[in-house]
Amino acid sequence: MANIPKLAKLDSAQLRRDFEVLNREVRPGVPLTYLDSAATSQRPRQVIEAVDAFYRQHNANIHRGIHTLAEEATALYEAARQKVAAFIGAADPREIVFTRNTTESINLVAQSWGRANLQAGDVILLTEMEHHSNLVPWQMLAEEKGLRLEFAPITNDGLLDLDGYHKLLELGPKLVAFSQMSNVLGTINPAEQMVKSAQKAGAVVLIDGAQSVPHLPVDISALGADFLAFSGHKMLGPTGVGVLYGKLDLLEAMPPFLGGGDMIKRVHLRTFEANAVPQKFEAGTPAIAQAIGLGAAVDYLSAIGMETVAAHEHALIAQALERLEEVPGVWVFGPSAEHKGGVASFTFEGVHAHDVAQILDRSGVAVRAGHHCAMPLHEKYGVPATTRASFYLYNTEADIDPLIEGLYQVKELFG
Ligand SMILES: Cc1ncc(COP(=O)(O)O)c(C=O)c1O
């Protein structure tokens, strides 16, 4: 995209001009400090403009029409698929299925691949740091089919216990599914090594990339995982569009997940013939404008470079951790900055996470409080909730100051 500056080093202050919302005040005189990107990112004007331009100039349903607008809409939608494929290093755009979000992508694998390939007694190996979206679909399938769920343990400082993981691989799981980056601890798991040993043990591997694809360089060819799930809205794209990457041979062998619309080739009253991949998994009218917006988001991230994005966030989290640890009563979960993405979840002694978030909001600091859809992980640490500050490419060192100042106000109020 011509209008995105190519920066050797990320200049967040300059980038912030593309994110209008970051310049607003939450109340008169109180500027917004947005530290909730792990929940959803903000979108730059280039993404908003791509969606806007689609509706203004090209809006039509895809794949079915032969009029000009339908052809343009189809070309834009399929171009977005190619951009996403290139972004994650997929060999073939047909390996990119557009879904609604990470959650739907994982449910697709569970309901299609899982139902067709798993039998009573089979083991699914997950980890103790999973988001509910990578737990519940497998629990549902396990209940239906009598599968056995196992969980790779984590260490007290929030790293995956690799010895424990390898020990559980000896059970011969049919599927291994894990998050490449934890949305609570920020832990970046050694995905390449984990995929290799899981596949050696005979497992099909799914990576939950909801937090990794937006923040780290992810090359699926190098990782070698069979499936990778992620969401557009966490990587500068619109809500309502997500991605399931799947190896072509696996996708081709899988039965459809939802029926109707684009997923059929031929229908008789009692039978149907499914379309080829990826349309086989894109039933009904998809999120056309949103997929095109995701294509623009991928352009934006690619122009900056994911190495640059990751390095920037790494520097920010290192500083944030250092400063958080100085605040009396604050306890940060997860490993040291070296093993972590831009996520800091913490407790404040004697103060509920919701109260912390509320006080921070008074100073315009937007953070998340709760279990972050990872209740079992919070149970493991014996806390009902944490407060989470999360960073993205548009955050700067200046965003850490109001966070720390707000925490000192919490201390004053709850003393
Ligand atoms: C690690 C992880 N997995 C899955 C999800 C679910 O993403 P979505 O709500 O976009 O489906 C999230 C969202 O927070 C996440 O952080």
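Descriptive notes on the structure:
- Conditions (1) touching a helix residue (DSSP H, G or I) at 6+ places or on another chain (Cβ under 8 Å); (2) part of a helix (DSSP H, G or I); number of the one not met by Gly164: (1)
- Hey, Ala389 touching an Asp or Glu at 6+ places or on another chain (Cβ under 9 Å), surrounded by 23 or more Cβ atoms within 10 Å (Cβ to Cβ), of a type in the set (A, V, I, L, M) and under 19 Å from Thr33 (Cβ atoms) or not: yes
- Exactly one residue out of Val367, Val277, Val351 is β-branched (Val, Ile, Thr) and in contact with a strand residue (DSSP E or B) (Cβ under 7 Å, 6 or more places away or on another chain), and it is Val367.
- None of Gly259, Gly295, Gly284 is crowded, with 19+ Cβ neighbours inside 10 Å and either assigned by TED's automatic domain parsing to the domain that holds Gln211 or in a loop (DSSP other than H, G, I, E, B) (or both) except Gly295.
- The numbered conditions (1) touching a helix residue (DSSP H, G or I) at 6+ places or on another chain (Cβ under 9 Å); (2) under 19 Å from Glu325 (Cβ atoms); (3) of a type in the set (D, E, K, R); (4) surrounded by 15 or more Cβ atoms within 10 Å (Cβ to Cβ) are all true for Arg368 except (2).
- Close Cβ contacts (under 6 Å, 6 or more residues apart or on different chains) running from residues in region 281-293 that are touching a residue at least 60 places away in the same chain (Cβ under 8 Å) to residues that are of a type in the set (Val, Ile, Thr) comprise Phe281/Val97; Ala287/Val241; Ile288/Ile62; Ala289/Val51; Gln290/Val241; Ala291/Val241; Gly293/Val47; Gly293/Val51.
- Some residue of region 350-361 being outside any helix (DSSP H, G or I), buried (at least 18 other Cβ atoms within 10 Å of the Cβ) and touching a residue at least 40 places away in the same chain (Cβ under 8 Å): yes
- Counting only helices (runs of 4 or more DSSP H) that sit completely within region 61-149, those holding 1 or more residues that are away from the ligand (no atom under 16 Å from the Cβ) and in the same structural domain as Val277 (by TED's automatic domain parsing) correspond to 68-87, 136-145.
The values are calculated or read from the model by the stated rules, or taken from the named source; none is laboratory data. In this text the structure is predicted, and so the values were computed from the model without any measurement. All Cβ positions, even for glycine, are placed from backbone atoms using ideal geometry, and neighbour counts span all protein chains on display.
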